[in-house]
Amino acid sequence: MQSEYRIPILQKSSKMDNVIINHWAVWICAALNLALGAFWYSPLLFFKAWKKENNLTDQDLSRLNPGLVYSLTFLLSLLIAYNLAFFLGDENVDGTWGLTAGFLSGFGWAAAIFVVVALFELRSWRYILINAGYIIFYFSLTGWIIGFWR
């Protein structure tokens with residue numbers, strides 16, 4: 001007998017082989033990546049420094065295709081959030097462990113490999129800290145939400 005693996009997107013949560021995923025939390029975390037990124041890279045925080053470290057001009061940014069960039073960003077954010085949700089799928093996970101696991105995956109995996117790549121690209125420490133800080137903060141927040149919102 002073959003078993004099927006389905007992810008019921010429209011249900012609040014599902015339990016599959018002892019993996020609990022709150023799909024609403026995952027989708028909110030994906031949208032959060034866009035909202036948090038808009039704030040992190042806004043003029044209120046790091047926009048000017050980020051733009052300078054990337055040698056970007058306003059003209060460069062005007063050539064950006066927002067529909068494509070935001071669509072792909074959202075899809076990749078879903079991938080990130082679902083991946084973390086599967087890692088945090090145990091029924092005993094809570095907000096504290098979610099925050100810890102989010103921080104460890106953001107700091108120990110995502111930001112670490114980002115820094116490795118940036119070092120070989122001869123990027124500045126300012127560039128590295130702005131972007132790695134975002135990665136760590138987003139993963140930590142996503143882990144907390146997924147862990148808390150069971």
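The values are calculated or read from the model by the stated rules, or taken from the named source; none is laboratory data. Please read all numbers here as calculations on a predicted model, not as lab measurements. Here Cβ is always computed from backbone atoms with ideal geometry, including for glycine, and neighbour counts include all displayed protein chains.
A few comments on the model shown:
- Ala111 fulfils the conditions (1) loosely packed, with under 14 Cβ neighbours inside 10 Å; (2) within 15 Å of Phe137 (Cα to Cα) except for a single criterion, (1).
- Comparison of Thr57, Thr100 shows that the only residue that is surrounded by 12 or more Cβ atoms within 10 Å (Cβ to Cβ) and either under 24 Å from Trp144 (Cα atoms) or out of contact with any His (no Cβ under 8 Å at 6 or more places or on another chain) (or both) is Thr100.
For (1) over 14 Å from Ile145 (Cα atoms); (2) at pLDDT below 95; (3) of a type in the set (Val, Ile, Thr); (4) part of a loop (DSSP other than H, G, I, E, B), each residue gets a yes or a no:
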{"site": "Ile9", "(1), (2), (3), (4)": "yes, yes, yes, yes"}
{"site": "Ser14", "(1), (2), (3), (4)": "yes, yes, no, no"}
{"site": "Gly37", "(1), (2), (3), (4)": "yes, no, no, no"}
{"site": "Asn92", "(1), (2), (3), (4)": "yes, yes, no, yes"}
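- Gly102 being modelled with pLDDT of 95 or more and either of a type in the set (Asp, Glu) or in contact with a helix residue (DSSP H, G or I) (Cβ under 6 Å, 6 or more places away or on another chain) (or both): yes
- Counting only residues that are outside any loop (DSSP other than H, G, I, E, B) and free of Cβ contacts under 8 Å to residues at least 12 places away in the same chain, segment 102-132 holds 11 of them.
- Condition met for Ser71 (more than 14 Å from the chain's Cα centre (by Cα), part of a helix (DSSP H, G or I), surrounded by 11 or more Cβ atoms within 10 Å (Cβ to Cβ) and without any contact (Cβ under 8 Å) to a residue 24 or more places away in the chain): yes
- Gly95 vs. criteria buried (at least 18 other Cβ atoms within 10 Å of the Cβ) and farther than 24 Å from Asn55 by Cα: no
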